[in-house]
1. Can you pull out the residues in the stretch 209-230 that are within 15 Å of the ligand (Cβ to nearest atom) and assigned to a loop (DSSP other than H, G, I, E, B)?
2. I'm checking my understanding of the structure. Among residues of the stretch 143-179 that are touching a Gly at 6+ places or on another chain (Cβ under 7 Å) and not in a loop (DSSP other than H, G, I, E, B), which one is farthest from residue 54 (Cα to Cα)?
3. Which condition from (1) without any contact (Cβ under 8 Å) to a residue 24 or more places away in the chain; (2) under 17 Å from the mean Cα position of the chain (by Cα) is the one that residue 146 breaks?
4. So is residue 207 closer than 15 Å to residue 141 by Cα and of a type in the set (A, V, I, L, M) or not?
5. Restricting to the stretch 180-208, give me the number of residues that are surrounded by fewer than 19 Cβ atoms within 10 Å (Cβ to Cβ), away from the ligand (no atom under 13 Å from the Cβ) and assigned to a loop (DSSP other than H, G, I, E, B).
6. Out of contact with any helix residue (DSSP H, G or I) (no Cβ under 9 Å at 6 or more places or on another chain) and surrounded by 13 or more Cβ atoms within 10 Å (Cβ to Cβ): which single residue out of 94, 45 fits that description?
7. Let me confirm something: among 172, 218, 261, which residue is surrounded by 18 or more Cβ atoms within 10 Å (Cβ to Cβ), at pLDDT 95 or above and touching a strand residue (DSSP E or B) at 6+ places or on another chain (Cβ under 6 Å)?
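The values are calculated or read from the model by the stated rules, or taken from the named source; none is laboratory data. Everything numeric in this text was worked out from a predicted model, so none of it was measured. Methodologically, a virtual Cβ is constructed for each residue, glycine included, from the backbone with ideal geometry; neighbour enumeration extends over all protein chains shown.
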Amino acid sequence: MIISGKELSARLKAEMAAQVSSFPEKYGRVPHLVVILVGDDPASVSYVTGKAKASQVVGIENTTIRRPSDISEEELLGLIRELNADDTVDGILVQLPLPEHISEARVIETISKDKDVDGFHPLNVAALWQKQPCTLPCTPKGIIKMLKAAGVKIKGKRAVVIGRSNIVGLPVAKLLLDENATVTIAHSRTADLPSVTREADILVVAIGRPRFVTADMVKDGAAVIDVGVNRDPETGKLCGDVDFAAIEPKASVITPVPGGVGPMTICCLMENTIECFLNKMTPKKV
Ligand code: NAP
């Protein structure tokens with residue numbers, strides 16, 4: 001079975017649109033997401049456009065602020081601080097990657113934790129690892145939603161995550177652990193990777209290398225989640241980290257690229273923006 005992130009995200013966005021339509025009467029306005037785009041890298045422009053389109057579907061206000069690639073770090077941090085102080089802004093996202101002269105870490109830690117819709121702020125990351133309330137990072141959150149929507153049982157299963165980045169590999173592994181899977185994290189120094197991946201009931205691949213995972217690396221009946229976004233060196237088309245054609249017949253469920261994890265990431269960004277808005281509008285009593 002192919003898990004269509006496109007279809008699942010369309011359904012979830014329609015549900016969010018119905019929820020958001022009640023906000024003007026309840027709260028006097030709709031959630032407001034501000035996306036900052038530095039420079040004009042085509043991939044980043046396309047991601048930012050996707051976020052604006054999804055906001056429109058869900059009924060969220062979206063402002064995209066464009067700045068040239070030679071903006072200074074101080075100027076960018078100043079803009080973020082202004083948005084932190086702006087009560088009409090609920091979510092702030094700075095599209096990554098940033099030009100080399102700007103520290104991504106400083107940018108991420110400058111965004112207010114309460115407006116950090118990406119879930120990248122160190123306080124959100126710490127809260128995730130301590131099982132405290134937090135904003136979950138969008139891609140890992142979307143992956144768990146896809147597995148559940150496809151009826152994949154996670155509890156007690158062996159999960160292998162290839163990749164240990166802060167934005168995908170590590171948080172996916174933590175969320176799978178929280179769902180009571182037994183999790184192995186593999187990486188570029190893992191010895192005999194195929195023998196590790198062949199043990200996986202659930203295999204999540206977040207490497208960034210076209211068709212790296214071949215059919216002999218996958219157990220029969222595994223659930224395979226392909227996070228990678230690459231250009232096929234032969235055709236120039238988008239492709240994942242997994243050899244989809246060879247693995248699809250073996251897997252119980254598999255995500256396609258494009259149309260899999262990508263749309264769910266944007267869908268969860270919408271959900272996180274609504275959550276940040278509601279946390280502000282209906283603060284929980286301590
Ligand atoms: P990253 O920071 O470059 O991390 C890549 C990971 O893959 C690293 O942990 C690296 O291991 C591991 N790796 C590299 N070569 C390997 C090998 N030969 N064998 C085993 N592991 C290997 O990348 P990322 O940000 O996590 O992103 C991964 C992919 O997901 C990219 O294609 C990215 O575009 C895509 N992505 C998609 C979405 C989406 O919404 N669909 C969102 C985010 C990212 P080491 O730690 O040992 O170096």
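1. Of everything in the stretch 209-230, those that are within 15 Å of the ligand (Cβ to nearest atom) and assigned to a loop (DSSP other than H, G, I, E, B) turn out to be 209, 210, 211, 212, 214, 218, 227, 228, 229.
2. Restricting attention to the stretch 143-179, the residues satisfying the condition of being touching a Gly at 6+ places or on another chain (Cβ under 7 Å) are 146, 161, 163, 169.
Now restrict to residues that are not in a loop (DSSP other than H, G, I, E, B): 146, 161, 169.
On the way: 146: 18, 161: 28, 169: 25 Å.
Once the filter is applied, the top-ranked residue is 161.
3. Checking residue 146 against (1) without any contact (Cβ under 8 Å) to a residue 24 or more places away in the chain; (2) under 17 Å from the mean Cα position of the chain (by Cα), the one that fails is (1).
4. No, not satisfied.
5. Total satisfying the criteria: 3.
6. From the options 94, 45, the qualifying one is 45.
7. On the way: 218 fails: touching a strand residue (DSSP E or B) at 6+ places or on another chain (Cβ under 6 Å); 261 fails: touching a strand residue (DSSP E or B) at 6+ places or on another chain (Cβ under 6 Å).
When all the criteria are applied, what remains is 172.
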